[in-house]
Amino acid sequence: MGLSSDPGTEPVLGEGHYTVVLGGAGHRTLEVTRAGPDFRAGPFIVSYLCGPDNERDYRAFAHITAAGDGRLWHRFREDSALAAALAALVADPNGAAGAYRRDLRCLRCRRRLTHPDSIERGMGPSCARVELTTAALAASEPQAGTRSPSAPRPAGDLRRSVMAPSSSADSGPSATTLNTAWPPRRTSISSPS
């Protein structure tokens, strides 16, 4: 694979974060960065995600040569998952076969997504839970979102008792039950006999 900038001829590998889905072996998130001027082995260094922070927990394990070949560093040659992820990245950097996705971020919090399920969903698990809870609450109270606060309440709401705070400042915290039923009940007063 060459590192050509012409998108019509050859696949182009560029700097970025890639989540490579491995057949039956999970996935690996790779970071491709441009090598410094003193690094003569190739133009790119490849690192893998090795911790919980999707932005900073990356460890370098390979480089890509000027000819476009991926080279595992000696101490990582026994890691078959890293070797497979590097091979998939180098073989098809445009992801035509869906082998990986590049630099996707959560639609809600804008953090980098690295897990294939999160990438498909467009959100990380925490944000998806929040969105699901919000949607469930909105679905359970369909009138709450459509009625304005100044709109009159339905008749059924007027026939219940409500709690109102007491207006006396020295009586301490208490509540008074107000009967708002309409029409008011008739009460008969009986005289003592």
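Taken together, the values in this text are just the output of simple stated rules run on the coordinates, not laboratory data. Just so we're clear, the structure is a prediction, and the values are computed from it rather than from any experiment. Heads up, the Cβs are rebuilt from the backbone with ideal geometry, glycines too, and the neighbour counts pull from every protein chain shown.
Couplings 3J(HN,Hα) of the stretch 105-112, computed from phi: 10, 4, 5, 9, 10, 6, 7, 5 Hz, in residue order, whole Hz [Karplus 6.51 cos²θ - 1.76 cosθ + 1.60, θ = phi - 60°; x for Gly and Pro]. The calculated FRET efficiency for A67 paired with S126, based on their beta-carbon distance and R0 = 45 Å, is about 0.60. Treating r as the C-beta distance of L104 and E141 and R0 as 35 Å, the FRET efficiency rounds to 0.60. Applying 0.36 nm per residue to the separation of T134 and D53 and subtracting their alpha-carbon distance, the gain on full extension is 26.5 nm. With a/c under 1.5 counting as rounded, go ahead and sort the stretch 16-103 into rounded, prolate or oblate using the C-alpha gyration tensor (a ≥ b ≥ c being the square roots of the eigenvalues; past the cut-off, prolate if a/b is larger than b/c, else oblate). Rounded shape, in that the Cα axes give a/c under 1.5.
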